[in-house]
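Single-structure report; data block below.
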Amino acid sequence: MHQFKFDPVRLPESAGALRREVRAFIAAQVAARRFDPRLNSWGSRDDEFSRECGRRGYIGMCWPKCYGGHERSALERYVVVEEMLAGGAPVGAHWVADRQSGNQILRHGSERARQLILPRIAAGECYFSIGMSEPDSGSDLAAVRTKAVRAEGGWSITGTKVWTSFAHHAHYLIALARTEAKDANRHAGLTQFIVDMSRPGIGVRPIYNLYGGHDFNEVVFDNCFVEDDMVVGEVGGGWGMVTRELAFERSGPDRFMSTFQLLLESISKVGGDPDECAATEIGRLCAHLATLRRMSSSIAGALDRGANPALEAALVKDLGTSFEREVPEVFRRLLPVEPTLGKEASYGELLGMTVLHAPSFTLRGGTREILRGMIARGLGLR
Amino acid sequence: MNQANQSTLAAGSSTDPAAEAAALDAMFVDTIDRLCADQANRALREQAEDGVWPAALWAAFDEIGLVRCLVSEAAGGAGISLCSALRALKRTAYHAVPLPLAESMMATRLLQAAGLEVPEGVLTVARLDPEGAMPRVAWGERAGFIVTVGAGGDGDTVSLLSGRATLIRQEKNLAGEPRPTLGRAGLQQVAHAQLGGAANLLELYGALARSAQMAGALERALHLSLEYANERVQFGRPIGKFQAVQHLLAVQASHAAAASAACDAAIDASLDAPESFLVALAKARTSEAAGQGADIAHQVHGAMGFTREHSLHHVTRRLYAWRDEYGGEAYWQQRIGRLICAQGADAFWPMLTGL
Ligand SMILES: Cc1cc2nc3c(=O)[nH]c(=O)nc-3n(C[C@H](O)[C@H](O)[C@H](O)COP(=O)(O)OP(=O)(O)OC[C@H]3O[C@@H](n4cnc5c(N)ncnc54)[C@H](O)[C@@H]3O)c2cc1C
């Protein structure tokens with residue numbers, strides 16, 4: 001049985017100054033009306049803001065300097081990330097590239113891919129999408145049918161990806177494709193490719209979400225060419241990489257802070273002298289949030305030590321996304337406000353936006369059921 | 001206070017104090033595990049519930065230094081830190097030890113805070129109400145000494161009482177641990193001191209201790225559930241192979257992990273005294289997890305877990321009892337919520353990151 005470990009971490013000396021610096025930066029941006037924090041989360045994007053983050057060294061923080069990184073610790077990155085989320089900063093453009101694609105390329109990419117791509121990600125000007133899911137392959141990721149076949153100097157990719165977040169803005173997409181026919185070992189024969197979205201043979205079609213927004217897409221590859229040195233890692237070794245990547249994807253504060261702005265607005269709206277019920281509910285959410293922060297930062301500490309806290313990450317994501325989903329439910333019970341469809345920052349609109357985004361929290365990045373299956377495996381039950 | 005400082009200094013004398021403290025804590029936990037494997041069995045817990053004082057086990061805990069762990073070495077104790085004591089307490093709860101170890105620690109700290117000497121013997125703590133009654137005193141009749149806190153005319157006081165208290169009402173908590181309501185008559189005052197905020201301090205120590213105990217008991221409940229799920233066969237396979245049961249256990253593991261994290265956060269911050277906000281968060285979080293974790297443990301155990309024969313109840317009834325002692329989750333949630341609202345939304349995030 002896996003011993004789930006959440007060792008306490010002490011934030012490095014530098015973290016306090018870094019935190020103040022990011023906080024001041026965000027406050028200045030808000031004061032200059034560069035963005036409205038209430039409307040933003042990691043689901044919203046602003047290329048100019050991302051470039052500013054790049055200039056300030058807030059992207060690719062843990063990567064080597066030779067690739068444009070800043071050689072800081074995962075805990076320092078943790079501080080920046082949580083401050084961005086707490087401040088409602090529009091970090092969506094660079095989020096995926098910074099959180100996972102860049103790490104993949106750094107660890108498993110070719111030297112050319114690293115040199116070509118990482119400095120631009122770190123500069124906040126190169127954005128990524130994740131091309132894993134397909135019409136017939138959701139939780140069962142090994143069922144992907146998108147195929148890559150050998151072509152002169154590289155590979156030719158054909159197939160359809162869905163739910164590809166921000167593919168319509170991305171410069172690159174990391175696609176998981178079959179490079180060998182499926183045999184007894186379904187996890188073998190899968191390979192990850194860095195696909196340049198400006199190449200011919202790629203069609204991107206919007207899919208409107210529950211809220212009416214255009215975040216995700218269908219992406220169709222029709223004999224799209226990818227050079228050999230844009231293969232990530234070993235040909236046929238994609239599965240292992242994808243599963244390891246998830247420790248990064250799943251453990252961060254983005255997995256429990258999606259509704260943080262609503263929480264803040266709601267505390268304001270409840271006011272300084274809450275009734276018993278409101279005080280109790282707010283206190284409960286706070287106890288959950290404080291605990292999640294402790295657990296998530298502990299995972300950042302484990303990543304710094306070179307551990308692979310994939311199971312802990314699954315556990316934190318399950319708890320964290322449940323928390324995120326509870327926030328709108330709590331306040332729609334407490335406050336006499338009908339949620340409204342609209343894109344302004346009134347409380348009703350904020351609540352409406354959150355209610356209609358909430359169902360996705362326990363789906364994206366691995367569903368609640370899949371996470372619980374992973375935890376159960378860690379407990380030795382499977 | 002002095003004693004606490006001394007022990008901190010003693011622990012800090014090596015090159016890496018954190019590593020040394022962690023090693024010492026692990027050693028203490030090992031010792032507790034061995035001792036409990038030998039002695040803290042079901043028969044003993046059942047006898048304790050029937051009112052038999054587990055004298056041998058108490059003596060064994062005294063022997064390894066846990067009973068007087070917070071008393072300085074100079075005064076004949078083990079002189080360990082509050083954090084280490086709480087971690088040890090967490091482990092005793094994993095073994096559902098039916099002894100007032102938490103109370104002994106709390107009594108020690110209150111006496112120390114009031115500048116009073118810590119006597120040898122079984123200690124417990126009580127709140128003295130204005131009519132002179134002490135409600136639900138843990139092991140109140142068995143304890144040789146009761147440390148009471150009360151609000152007097154000129155502030156809170158701490159008193160060390162001994163003797164035979166008057167029994168007002170014989171009560172037990174859901175785990176069958178004695179919680180009699182006692183009257184002051186028959187008790188002699190051994191020592192007495194003013195201590196501002198003593199009542200509050202007792203509540204914080206109580207909440208912190210119960211948080212640690214619940215985290216320990218939740219871990220045990222999870223282990224028992226896993227064991228049972230791997231053994232119990234239905235429809236031709238262990239029930240742990242059914243996805244529905246796996247998911248129950250995954251959720252139980254999450255509750256246990258969250259409770260442990262919340263309680264560790266409070267323990268780590270309570271160097272010399274309970275860190276009040278973190279204690280509030282810990283009690284709110286662990287009390288909530290306690291009920292949920294115990295519920296799942298029972299669901300997984302089926303009817304067998306609903307019996308007195310199976311040992312699950314030794315931890316689950318403690319969870320159902322402890323979650324409400326020293327304030328249930330709603331009590332602490334409300335206090336946290338009021339504080340947050342009073343400070344306003346802008347102060348919320350800085351407060352969280354300042355923890
Ligand atoms: C907002 C959003 C953004 C997304 N962005 C991206 C992206 O950028 N790139 C990308 O590749 N994908 C993305 N996804 C897709 C996401 O990864 C999938 O939704 C997820 O993996 C689940 O797949 P599915 O939707 O096909 O559901 P299914 O796998 O069909 O699952 C449907 C239901 O069945 C349950 N289920 C399935 N298998 C099991 C099982 N073995 N045991 C128990 N229950 C099971 C699931 O838990 C779920 O409740 C995004 C999804 C959302 C909602």
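The values are calculated or read from the model by the stated rules, or taken from the named source; none is laboratory data. Source: prediction; values computed, not measured. Positions of Cβ are generated from backbone atoms using ideal geometry, with glycine treated the same way; all protein chains shown enter the neighbour counts. Protein only, heavy atoms only, side chains kept; ligands, DNA and RNA dropped before computing areas. Shrake-Rupley method; radii C 1.70, N 1.55, O 1.52, S 1.80 Å.
Report the rotationally averaged projected area of the protein assembly as shown based on its alpha-carbon convex hull, in square nanometres. Walk me through the numbers before you get to the answer.
Details: hull surface 136.1 nm².
Computed as one quarter of the Cα hull surface, the answer is 34.0 nm².
Taking the alpha-carbon distance from B:LYS172 and a cut-off under 19 Å, which aspartates and glutamates remain once sequence neighbours fewer than 8 residues away in the same chain are dropped?
Those aspartates and glutamates meeting the cut-off are B:GLU46, B:GLU49, B:ASP50, B:GLU103, B:GLU141, B:ASP324, B:GLU325.
Would you kindly derive the ³J(HN,Hα) couplings of region A:290-296 from the backbone phi angles with the Karplus curve 6.51 cos²θ - 1.76 cosθ + 1.60 (θ = phi - 60°), listing them in order in whole Hz, with x for Gly and Pro?
Couplings: 4, 5, 4, 4, 4, 5, 5 Hz.
Note the buried accessible area between A and B here, summed over both chains, with a 1.4 Å probe, in Å² to the nearest 100. Working shown, then result.
Numbers: alone 16950 and 16010 Å², together 29300 Å².
Separately minus together, A and B give about 3700 Å² buried.
Answer with one residue from A:SER44, A:ILE121, A:CYS62: the one whose Cα lies farthest towards the positive end of the charge dipole of region A:15-126, charges on Cβ with Lys, Arg +1 and Asp, Glu -1.
A:CYS62
Could you give P(r) for region B:137-195, binned at 5 Å from zero, as whole percent values over all Cα-Cα pairs?
The calculated distribution, bin by bin, is 4, 19, 25, 22, 17, 9, 3, 0.
For a quick size check, give me the Cα extents of region A:252-378 along its three principal axes, largest first, whole Å.
Cα extents, longest axis first: 46, 29, 23 Å.
May I ask you to evaluate 6.51 cos²θ - 1.76 cosθ + 1.60, the Karplus curve with θ = phi - 60°, for each residue of region B:185-197 and list the ³J(HN,Hα) values in order in whole Hz, giving x for glycine and proline?
Once θ is set to phi - 60°, the couplings for region B:185-197 become 4, x, 9, 9, 8, 8, 8, 7, 7, 7, 8, x, x Hz.
Using the C-alpha gyration tensor of region A:148-271, what are the square roots of 5 times its eigenvalues, in whole angstrom, with the largest one first?
Semi-axes, largest first: 34, 19, 12 Å.
For region A:1-103, max minus min Cα coordinate along each principal axis, in Å, sorted largest first?
On the principal axes, region A:1-103 reaches 49, 29, 29 Å in Cα extent.
Only Lys, Arg, Asp and Glu count, each charged at its Cβ (+1, +1, -1, -1), so figure out the dipole size of chain B about its Cα centre, rounded to 20 debye.
On the way: 29 positive and 37 negative charges, 189 e Å.
Charge dipole of chain B: 900 debye, to the nearest 20.
Just the number please: accessible area per residue for region B:58-99, 1.4 Å probe, all protein chains included, in Å².
Each residue of region B:58-99 exposes 29 Å² on average to a 1.4 Å probe.
When the dipole is taken about the Cα centre of region B:201-353, and only Lys, Arg (+1) and Asp, Glu (-1) are charged at their Cβ, what size is it in debye, to the nearest 20?
Dipole size: approximately 500 debye.
Could you check how much of the accessible area of region B:29-131 is carbon and sulfur, as a whole percent, using a 1.4 Å probe?
That fraction is 45 percent.
Over region B:201-353, what percent of the accessible surface lies on carbon and sulfur atoms, probe 1.4 Å?
54
If every alpha-carbon in region A:174-238 counts as one equal scatterer, what log10 I(q)/I(0) does Debye give at q = 0.18, 0.19, 0.22, 0.25 1/Å?
Normalising to I(0) and taking log10 leaves -0.77, -0.82, -0.93, -1.03.
State the antiparallel share, in %, of DSSP beta bridges confined to chain B, rounding to the nearest 5.
Roughly 80 percent of the DSSP beta bridges within chain B come out antiparallel.
If you take the square roots of the eigenvalues of the alpha-carbon gyration tensor of region A:91-156 and sort them as a ≥ b ≥ c, do you get rounded (a/c under 1.5), prolate (a/b over b/c) or oblate?
Cα axes put region A:91-156 in the oblate bin.
Over 22 Å between C-alpha atoms is what I'm after, so list which of A:LYS5/B:LYS90; A:LYS317/A:LYS343; A:LYS317/B:LYS90 land there.
Violating the 22 Å limit, Cα to Cα: A:LYS317/A:LYS343; A:LYS317/B:LYS90.
Calculate the translational D of region B:39-158 in whole µm² s⁻¹ from Stokes-Einstein, where the hydrodynamic radius comes from the Kirkwood formula applied to all Cα pairs, the temperature is 4 °C and the viscosity 1.567 mPa s.
It diffuses with D of about 85 µm²/s by this estimate.
Along its three principal axes, how long is region B:201-353 when you only count alpha carbons? Whole Å, largest extent first please.
58, 30, 24
Amide H to amide H under 5 Å from B:ILE168: which residues, 5+ apart in sequence or cross-chain, H placed 1.01 Å off N in plane?
Residues meeting the amide H criterion: B:THR181, B:LEU182, B:GLY183.
Show the residues, 5+ positions off or on another chain, whose built amide H is closer than 5 Å to the amide H of B:HIS192.
Here the answer is B:LEU160, since their amide H atoms fall under 5 Å of that of B:HIS192.
So, with +1 on the Cβ of K and R and -1 on the Cβ of D and E, and no other charges, what is the size of the charge dipole of region A:72-146 about its Cα centre, to the nearest 20 debye?
320
Keeping every protein chain present and rolling a 1.4 Å probe, give me the accessible area per residue for region A:90-225 in Å².
Heavy-atom SASA per residue in region A:90-225 reads 40 Å².
Report, as a whole number in µm² per second, the diffusion coefficient that Stokes-Einstein gives for chain A at 25 °C and 0.890 mPa s using the Kirkwood radius over alpha carbon pairs.
Details: Rh = 21.6 Å.
D, rounded to a whole number, is 114 µm²/s.
Work out Dmax and Rg for chain B from the C-alpha atoms and quote the Rg first, both in angstrom.
Rg then Dmax for chain B, in Å: 20.5, 70.
From the protein chains alone at 1.4 Å, what is the descending order of accessible area for B:TYR228, A:TYR208, B:TYR331, largest first?
Reading off the accessible areas and sorting them downward yields A:TYR208, B:TYR331, B:TYR228.
Give me the percent of the accessible area of chain A that comes from carbon and sulfur atoms, probe 1.4 Å, all protein chains in place.
C and S fraction of accessible area: 51 percent.
Return one number: the angle in degrees, 0 to 90 and rounded to the nearest 10, between the long axis of the Cα atoms of helix B:101-113 and the longest principal axis of the Cα atoms of chain B.
Orientation of helix B:101-113: about 30 degrees from the principal axis.
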